[in-house]
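For reference, the structure is listed below as structure tokens.
Here, each number is a calculation from the coordinates, and none is a lab measurement. Since the structure is predicted, the reported quantities are computational estimates derived from the model, not experimental observations. When we count neighbours, we look across all protein chains shown, and the Cβ atoms used for this are built from the backbone with ideal geometry, even at glycine.
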Amino acid sequence: MSKKNYTIAKSEALLNRYGDVLVRGYIPHKNIFGQVDMDYPAFVQRASGARFWDVDGNEFLDYIMGFGPIVLGYDDPAVCRAIHEQVANGTVYGLAHPRELTVAELLIEVIPCAEMVGFFIGGSAATSSAVRLSRVYTGRDRVIMCGYHGWHDWARPDDEGVPKSVSELTCAVPYGDLDALESRLKKYDNQVACVVMETVQGNGPPDGFLQGCVDLAHAHGAVCVFDETKGGFRVAMGGG
């Protein structure tokens, strides 16, 4: 669809107001202007199934789907029914709920490698907790990473505002390159607490790559952490 077939005047007007009231202006990971061969709307009004409608009333087939998690589509009847039932019974209790235990048990049942479950409010908190646990377990400080792992200082070593003493403890390796990973592990022998790997990037890992990451990390006394958001529940129920 080209711009001549529709307008995004309301999206543009809202976008102009964003920078006056929100830090960083328009949220970067949602701003895909220039990444597609069209002027993409900035603001959605509603969505259903595999489609969404922007604030100007234009209808789109949504290939982004919330950047991945909307695997059942928007407004799925079973999901909506469960949400409505729970809202009617209250939310954010400040205490545990039986469903927390039920979900944890189900995750352990469907994910072959899962032994215990921890719930976090976001991916950055989850990966940072894994890094901290790895440091406690190994008594080491360095981290080798591959992929996007959140906004905490250890995961953004090249960003402004990250202390040098923190950024020096993290290094990155290319995806799919076991030789590069082994080289880093040898360079920082007995210093690496963990290898944090985004398991599915692009078209996915080369054959044997992920197992190779585990084997290399363990051979050098480090923990291998899979920052996994795609294989499980998108590619396959218990992980790709």
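Numbers below:
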| item | result |
| --- | --- |
| Cα-based helix-to-principal-axis angle, 98-110 vs the chain, degrees rounded to 10 | 60 |
| Computed E for residue 91/residue 125 - FRET, C-beta separation, R0 25 angstrom, nearest 0.05 | 0.80 |
| Ascending count of other beta-carbon atoms within 10 Å, so fewest first, for 173, 136, 192, 103 | 136, 103, 173, 192 |
| Modelled FRET efficiency - R0 35 Å, residue 45 with residue 105, Cβ distances, 0.05 increments | 0.35 |
| The chain: angle of helix 209-219 to the longest principal axis, Cα-based, in degrees nearest 10 | 40 |
| Where labels lie 7 Å past Cα in the beta-carbon direction, separation of residue 152 and residue 211 in nm | 3.1 |
| Per-pair calculated FRET efficiency, R0 = 51 Å: residue 7 and residue 180 via Cβ, rounded to 0.05 | 0.60 |
| Rg and Dmax [Cα atoms of the chain; Å; Rg one decimal, Dmax integer] | 21.3, 60 |
| Cα Rg over Rh - region 121-235, Kirkwood | 0.94 |
| Extended-chain gain in nm, criterion 0.36 nm per residue less alpha-carbon gap, residue 228 and residue 16 | 72.8 nm |
